[in-house]
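Inspection log for the structure reproduced underneath, given as structure tokens.
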Amino acid sequence: MPPWSIPDEEYIRNWMCTLVLALALWTSMRAASRPETAVFSALKQADPTLSHFVELQRASVSEEFDLVVAIGSPKAFPAGHRWMIWSEDRRIGLFLQEKHAPERVYLLGAKSGFPDCAARIERVTATDSVISCRGEKSEQFPNQKWVYNVRAKSLIRQFSYQPFAMYRVFAKPKGASMPGAAVFVGSDRQRLIAVEYNPDETPVFRVLGNAAAKAWIERVHVSSGTEGAPPRSVIYVENDQERLPAAVPRLPRTTYAQFAAARPQRVKDGYKREGTQLVESIGAWQREDGKIWFGKTFYDGEGSSGVGGFGYFDEKDKKLQLFSPPEIADWSVSAIDVTPGAVWMALVDNGEYGGSSGGLLRYDRHGGASRRITLPDLALRLTHVSGKTLAATDFGFAVVEGDQIARFFVDQTTDGQWAVVQASR
């Protein structure tokens, strides 16, 4: 047909058929290369109000299936990582997807979130998944748990429970039974629980029964109160740190020039010389061989700030020694553990919306090097047993051995019992 001729009806039909086939092939190839597309379609079927989607995690749970966690929103997700905000109008769905036929997707369950909830996928296995949820001011919403049967492609149960924060960790003395073990004591704000850690046993964590737990729980001081509407009774674990000895002098005042040099990003955030208050004090501390080791603490928000650091006071010569490596400049210290070879510290940002974790810092007492270790949970207490550093955290437990760190938490089983499980990351 000459290029200037008007195409006839049959030509148009053939051209349209070719276009449709091409589009169908492109769509098929796109779906095959992006298996999450089928998951998003299934989530939209579960809730037609959703129009924007993100795949949060994909894990192989059998030779046949992937377990996929996705979130949907009626509005576009903001840039960055804010899509992990699991609000009331957003839904997280769990799906099984066939690996060799990704168009086959099976919904296990979908659930809306909470007001201002930052969701975190804590555990994904072939039998269950757990998602935690934290609000402003460090408010801890209930953990959301899904239990399923992969082979039957079905949900067994979905339920929630309040997480246990671990507030204390006690290393067993050398003369006690099972030296090298430790006991954690924590609370879900309704009850206290004691968990034994023994690296020589399997499993290494064991929830103690009432009789065995009593002696450890009695070492923790609590108070009671009411919260919420309607009001409900809660318990609070009291701070039991000893009063700092009067002989320890006040910290030298940090100047604005020192602050600006150590924390240039904070200056870019608007912390100018006028209006910035630099108020630092001694936080967590520990005695060791005639020295009082400590970490600095400060509020970092609303015009108040400081420069992180740590050091010791020599009780014999009455001298104060401070260290401020770059790795700690932005952080306060929430817990400290002094060993012959290193000083371990838990880092925290004490900001306007509560405390957020900066991980752990290991300071080598011989070489002077500092190394940060990533930990998403805020460590409240530290100790060491059997060559490992143990952290009692606001979500559970962390065990550090060499360059490896493993996270654990107290999980609820379908029959209402408590058991310690390892987090997936």
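Report the dimensions of region 36-161 along its three principal axes from the alpha-carbon atoms, largest first, rounded to Å.
42, 30, 22
For each pair in Lys44/Lys99; Lys172/Lys388; Lys44/Lys75, compute the distance between the two Cα atoms and list the pairs where it is over 18 Å.
Numbers: Lys44/Lys99 21 Å; Lys172/Lys388 14 Å; Lys44/Lys75 13 Å.
Lys44/Lys99, as the Cα separations exceed 18 Å there.
Expressed as a fraction of 2.2 N^0.38 Å, the rule-of-thumb size for a compact globular protein of N residues, what is the C-alpha radius of gyration of region 351-425? Show your work: numbers first, answer last.
Numbers: Rg = 14.4 Å, N = 75, 2.2 N^0.38 = 11.3 Å.
Region 351-425 yields a ratio of 1.27.
Pairs of Cα atoms under 8 Å, at least six residues apart: use those to get the relative contact order of the chain, whole percent. Don't skip to the answer; put the middle values down first.
Details: 894 pairs, mean separation 38.5, N = 425.
9 percent.
Let's test this: bin the Cα-Cα distances of region 171-283 at 10 Å from zero up to the farthest pair and state each bin's percent.
Per 10 Å bin, starting at zero, the Cα-Cα P(r) for region 171-283 comes out as 10, 23, 19, 22, 21, 4 percent.
With a length cut of 24 Å (Cα positions projected on each helix's long axis) and a Kyte-Doolittle mean of at least -1.0, go through the chain and give me the DSSP H helices that pass. Walk me through the numbers on the way to the answer.
On the way: long enough: 9-33 (36 Å, 0.47).
The answer, listed by residue number, is 9-33.
Students often get this wrong, so try it: which of (i) -0.65, -0.93; (ii) -0.42, -0.81; (iii) -0.57, -0.96 is log10 I(q)/I(0) by the Debye sum over Cα atoms at q = 0.08, 0.11 Å⁻¹ as calculated from the structure shown?
The listed entry that was calculated here is (iii).
Calculate the tail of P(r) for region 144-210: the fraction of all Cα-Cα distances greater than 21 Å, expressed in %.
Working: 1011 of 2211 pairs.
Of the Cα pairs, 46 percent sit more than 21 Å apart.
Just report the Cα centroid separation between region 347-395 and region 119-168, whole Å.
Here the answer is 24 Å between Cα centres.
How large is the convex hull of the Cα atoms of region 221-289 per residue, expressed in Å³ as a whole number?
Numbers: hull volume 13.7 nm³, N = 69.
Given the Cα convex hull of region 221-289, per-residue volume reads 198 Å³.
Show which lysines lie in cross-link reach of Lys272 when reach means a straight Cα distance below 29 angstrom and same-chain residues fewer than eight apart are skipped.
Lys137, Lys296
Looking only at Cα atoms, what is the convex hull volume of region 241-394 per residue, in Å³?
Numbers: hull volume 18.8 nm³, N = 154.
Convex hull volume per residue, Cα atoms: 122 Å³.
The numbers here are math on the coordinates, done by the rules we state, and not lab data. Quick caveat: nothing in here was measured; it's all calculated off a predicted structure.
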